[in-house]
Amino acid sequence: MNYKISVEELENTPSKSIDFKFDDKIDEINSVGSINADLKIISLGEFIEVTGNVKGIVKLECDLCLKEFCYNLDFNIDEMFAKTALSEDYGQETELKSGQFVTDLNGNDEIDIYDLLYQSVILNLPNKKVCGINCNGDNFLKEENLSDPRLNVFKNIQIQPKNK
């Protein structure tokens, strides 16, 4: 399926807007089922705004116990794209106001919704991935769980307090 929105097609709609539904897997994101997004793409003159909601379930690895767990995604998207170059003095993105960025399409005549959703999902994953409030991640580090022979060197380390 084509996940690209043509700027020309958007401009030719009477309302200058397109409702877009995404219901598919995203490569390189370990999801349980599909990622779902209900998006509205609106032409605002020199800018295009993409807003909507993204939902899905992804499998993550707990940073404490290293077990896989499911994480519910449910977040809003609010992205702006500039149809024409903003300025040669700026790079790929230029900040308009606190928290909102504009991506320069650099002459492209399409917006890649698949790429937008991939980046949005990655940015909305938690920084610290923990499987639950009662995670016993410290049990993973106990001596009986150090079965990798390369880690044997750490079993007999003794730290002496430094004399002052």
For this session: Kindly check whether there is at least one residue in region 11-30 that is within 14 Å of ALA82 (Cα to Cα) and either out of contact with any helix residue (DSSP H, G or I) (no Cβ under 8 Å at 6 or more places or on another chain) or surrounded by fewer than 16 Cβ atoms within 10 Å (Cβ to Cβ) (or both).
Result: yes
Seminar exercise, completed: In region 12-45, anything under 16 Å from the mean Cα position of the chain (by Cα) and of a type in the set (Gly, Ala, Ser) is listed as SER31, SER34, ALA37
Seminar exercise, completed: Selection from region 123-139 of residues part of a helix (DSSP H, G or I) and either surrounded by 12 or more Cβ atoms within 10 Å (Cβ to Cβ) or more than 10 Å from the chain's Cα centre (by Cα) (or both) yields GLY137, ASP138, ASN139
Exercise. Given region 1-70, what strands (runs of 3 or more DSSP E) lie entirely inside it while holding 3 or more residues that are touching a strand residue (DSSP E or B) at 6+ places or on another chain (Cβ under 9 Å) and under 15 Å from ASP109 (Cα atoms)?
Worked result: 4-6, 35-44, 47-61
For this session: Check region 90-100 and report whether any residue there is modelled with pLDDT of 90 or more and assigned to a strand (DSSP E or B).
Result: no
Exercise. In the list LYS59, LYS4, LYS40, which residue meets the criterion of being surrounded by fewer than 18 Cβ atoms within 10 Å (Cβ to Cβ) and more than 21 Å from ILE122 (Cβ to Cβ)?
Worked result: LYS40
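The values are calculated or read from the model by the stated rules, or taken from the named source; none is laboratory data. These numbers come from a predicted model, not from an experiment. Glycine also receives a Cβ, built like all others from the backbone with ideal geometry; neighbour counts cover every protein chain displayed.
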